[in-house]
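Okay, structure first, notes after.
The values are calculated or read from the model by the stated rules, or taken from the named source; none is laboratory data. As the structure is a prediction and not an experimental result, all values here were calculated from the model. Cβ atoms come from the backbone with ideal geometry, glycine included; neighbour counts cover every protein chain shown. What goes into the accessible areas is simple: the full protein's heavy atoms, side chains included, and nothing from ligands, DNA or RNA. Shrake-Rupley method; radii C 1.70, N 1.55, O 1.52, S 1.80 Å.
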Amino acid sequence: MTNVALDIALILALLLGVTSLGTSRIGAAIRYFWMQAAAVAMVPLLIETRSGGLSVHAWVLFAATMVLKVWGVPYFLNRSVREASVRTEVEPLIGFGVSLMLGAGLVGLSFALARQLPLPQRPASDLLIPVAFSLLMIGLLLIVSRSKAVTQVVGYLVMENGIFLFGLLLIDVFPYLIELGVLLDLFVAVFVMGIVIFHINRAFDHIDSHQLDTLKD
Amino acid sequence: MLATLLLLPVFAAAIALARVPDRARLQLFRAVAFAHLALAIGLWNRPAEHLFGGYIALDAVGLLVLMPMSALFAGIAIYLGGYLRRAERRSHRIFIAALLLLQASLTLAAASQHMGLFWVALETSTLVSAPLLYFHHTGRALEATWKYLIVGSVGIALALLGTVFLAIAATDASGDTTLFIRDLTAGTVHLAKPWLHAAFVLLLMGYGTKMGLAPMHAWKPDAYGEAPPPVAGLLAGTATNCAFLGVLRATQICAHAGEVKFASSLLVLLGLVSLAVAAIFIVGQADYRRLLAYASVEQMGVLVFGLGFGVMGAQGSLLHVINNALNKGILFLAAGNLLQLYGTSAIAGVAGALRRAPATGAILIAGLFAAVGLPPFGLFVSEFVILRAAIAGGASAWPAALYLGFLAVIFLGMCVAILPMAQGESSRDEAPLHEPASTILPPMAFASAALVLGIYVPRPLAAMIESAARQLGGG
């Protein structure tokens, strides 16, 4: 039963990742991100219920992810979008349809890649590693293929969700002060990027990072 | 003592953020920087202190990164007095607080004995340097800050993934794992090879991005070209050295797992690529601040190249860490003076510095000679040790030959660009420009230190480098 729930959470995270490749609205991309973060936040709890009792560690991780990623980060991103009054992603370097197809290809690649790296111990779900790799690559694709600064931040966050899933392989043994440090850094990163986006908007009247190209050799 | 070293800048940052006059903020930063230096020197002789359950301790490698960092902060704290007085008026509240937090996070990175904690510290240093880069609030500075943040964050995310992979590699049969450096290098933990290889590649890419190794250096010329020069010098002389510490630790772990060949070949390759890219962009460069950024790409290339050649190469690299910090202290501060005196960062816009601003001109020449590795400056010694290690330890002569070739091209490129700035005829009026003592003395002190290190390496320093290199070499 809980195995099924775990797989559903992972598949949901994966689908939301792929979907965010196909949307042109920045608000939607942010919404897909926080829904994905919520699905990912459930994973530590589901892993632990599978093996018996729930530890404080899993709860702390869940609560911190919910507060910082599902509430805090989207709050700052939405505020930057409002202040910068941008709604849609125009002229991405790679079209939305092509991005979706590339995304599907990356998911396939992730499943192949996961087979190449045998784990010392069998993970809670066979989907964990492939989904983690997929989110990592989808995030990278978003960063390189989108022109709005906010969408690039969303790509960075999707990528970070993938890394978080990798970290869950070690949930019993990883010191959670370090995990909290990582989460906090991520939150501050988005905060700082939000401020920079605000300044970009004020200075250039747009947040198109591809027009930030005065500096070159 | 170690706890004081870590917490002092944090408390000071909190004070700087409070409602105090700007002048007090600068004096506070100066006081903290010198107290930090004094504490760091005090720790030199008793590095055995552990904090926080062994997460934080200064070993030989950490001390070698910490010392020049602390010295550079102190020098730049003095320098900022003269620099900020002539810069445009703007509150120093965020600027000084960010400087102090940068110092705190880099100190934590140098003292981290846990790869996860090290990552957190280094990521924090990236975030707190964003307001430093954007100090002048120009459009170009904004563009540079954005690139620094997004490229740096993605790079450091890869390093995080590498850290997780390292923990997976170290998982034993009972499901336990560790990221403590002493465990990973004790030879008691079995590291799964495929995960270790993936972890090393990711750590090298990730921390290499923070170092500004080519081809992950895209942010560097922009950031150093637009940041206030003392900030650029500080980042180039301290943050990059700390990121190099991450590469050092990863290499150390690989060496102890018997994978030194795998690590070395990647380090040498990345070092040579960085030297090549630096050579290409230094020749014909029109902007002296970007020129110095590419010179930093070069120095980072030398660091990882040296690390690829066993214990002797590692010794050269560790000495180079100190030289790199001193060198940035000379050149970027000279560049800061030139920028304020001439009002341009175009190489063509600066001429006759030796006549119009004799002290800055002399510092510029000294910095040039020190940067290109002319004897008797310290850089010559470290680059030479690395060359000897490459010749002695390399299976083929190619790496050493390419290394020497690229350094020669960079030597010529730097001289052609900088010598006319110092000499040459100034087209505008020849009235000597005013140079405040606070903007002259720090780079002079760094130049003297670089000179001393070139003539002889003090006994305690040599011993520390030797023990650190042995610690890295796996023997």
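Per-structure values
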{"quantity": "Estimated distance in nm for a label pair at residue B:425 and residue B:85, the labels positioned 7 Å out from Cα along Cα-to-Cβ", "calculated": "3.5 nm"}
{"quantity": "Span from the region A:46-83 Cα centroid across to the region B:328-387 one, whole angstrom", "calculated": "50 Å"}
{"quantity": "Chain-alone versus full-assembly comparison, region A:80-126, residues with accessible loss of at least 50 Å² (1.4 Å probe)", "calculated": "A:117, A:120, A:121"}
{"quantity": "Prolate/oblate/rounded call for region B:375-475, Cα gyration tensor, a/c under 1.5 rounded", "calculated": "oblate"}
{"quantity": "Charge dipole of region B:2-473 about the Cα centre (unit charges at C-beta), most positive-ward option of B:236, B:333, B:179", "calculated": "B:333"}
{"quantity": "Residues in region B:158-186 occluded by at least 30 Å² - accessible area, probe radius 1.4 Å, against chain by itself", "calculated": "B:160, B:161, B:164, B:165, B:168, B:171, B:175, B:177"}
{"quantity": "Electrostatic dipole magnitude of the protein assembly as shown [Cβ: Lys, Arg +1; Asp, Glu -1; Cα centre; debye, to 20]", "calculated": "900 debye"}
{"quantity": "Zero-based 20 Å bins, Cα pair distances in region B:2-473, whole percents", "calculated": "26, 60, 14, 0"}
{"quantity": "Pair residue B:260, residue A:96: separation of 7 Å Cα→Cβ label points (nm)", "calculated": "5.6 nm"}
{"quantity": "Placed amide H near residue A:117: partners under 5 Å, 5+ positions off or other chain", "calculated": "none"}
{"quantity": "Dipole of region A:10-156, positive direction: furthest Cα of A:102, A:130, A:39, with charges on the beta-carbon", "calculated": "A:39"}
{"quantity": "Difference of contour (0.36 nm per residue) and Cα-Cα distance, residue B:397 to residue B:94", "calculated": "104.0 nm"}
{"quantity": "In degrees, nearest ten, helix B:115-133 long axis to first principal axis of chain B (Cα)", "calculated": "10 degrees"}
{"quantity": "Within region A:132-146, backbone nitrogen closer than 12 Å to the virtual label 7 Å beyond the Cα of residue A:117 toward Cβ", "calculated": "A:132-137"}
{"quantity": "Rounded to whole Hz, the Karplus (6.51, -1.76, 1.60) HN-Hα couplings of region B:197-209, x for glycine and proline", "calculated": "4, 4, 4, 5, 4, 5, 5, 5, 5, x, 5, x, 5"}
{"quantity": "Using alpha-carbon coordinates, inclination of helix B:22-44 to the longest axis of chain B, degrees", "calculated": "40 degrees"}
{"quantity": "Overall form of region B:113-155 per C-alpha gyration tensor (a/c, 1.5; a/b vs b/c)", "calculated": "oblate"}
{"quantity": "Within the accessible area of chain B (1.4 Å probe), percent carbon and sulfur", "calculated": "69 percent"}
{"quantity": "Between region B:271-317 and region A:144-205, the Cα center-to-center distance that results, in Å", "calculated": "30 Å"}
{"quantity": "Taking chain B and dividing mean pair separation by its residue count, relative contact order in percent (alpha carbons under 8 Å, at least six apart)", "calculated": "16 percent"}
{"quantity": "Dipole axis of region B:363-475 (+1 Lys, Arg; -1 Asp, Glu on Cβ), positive-most option in B:443, B:369, B:392", "calculated": "B:392"}
{"quantity": "Helix A:128-145 axis, angle to chain A major axis (alpha carbon atoms, nearest 10°)", "calculated": "0 degrees"}
{"quantity": "Relative pair counts by distance (%), Cα atoms of region A:2-206, 10 Å bins", "calculated": "9, 36, 35, 17, 4, 0"}
{"quantity": "Lys, Arg +1 and Asp, Glu -1 on Cβ, resulting dipole of region B:81-229 about Cα centre, debye, nearest 20", "calculated": "660 debye"}
{"quantity": "Two-site FRET efficiency, residue A:28 against residue B:456, from Cβ-Cβ distance with R₀ of 56 Å, rounded to 0.05", "calculated": "0.30"}
{"quantity": "Accessible surface, the protein assembly as shown, averaged per residue in Å² (probe 1.4 Å)", "calculated": "35 Å²"}
{"quantity": "Calculated diffusion of the protein assembly as shown, Stokes-Einstein form, Kirkwood radius summed over Cα pairs, 10 °C and 1.306 mPa s, µm²/s", "calculated": "62 µm²/s"}
{"quantity": "Protein heavy-atom accessible area occluded, B/A pair - total, 1.4 Å probe, Å²", "calculated": "3900 Å²"}
{"quantity": "Sorted peptide list for A:3-12, B:290-299, criterion being average Cβ within 10 angstrom, highest first", "calculated": "B:290-299, A:3-12"}
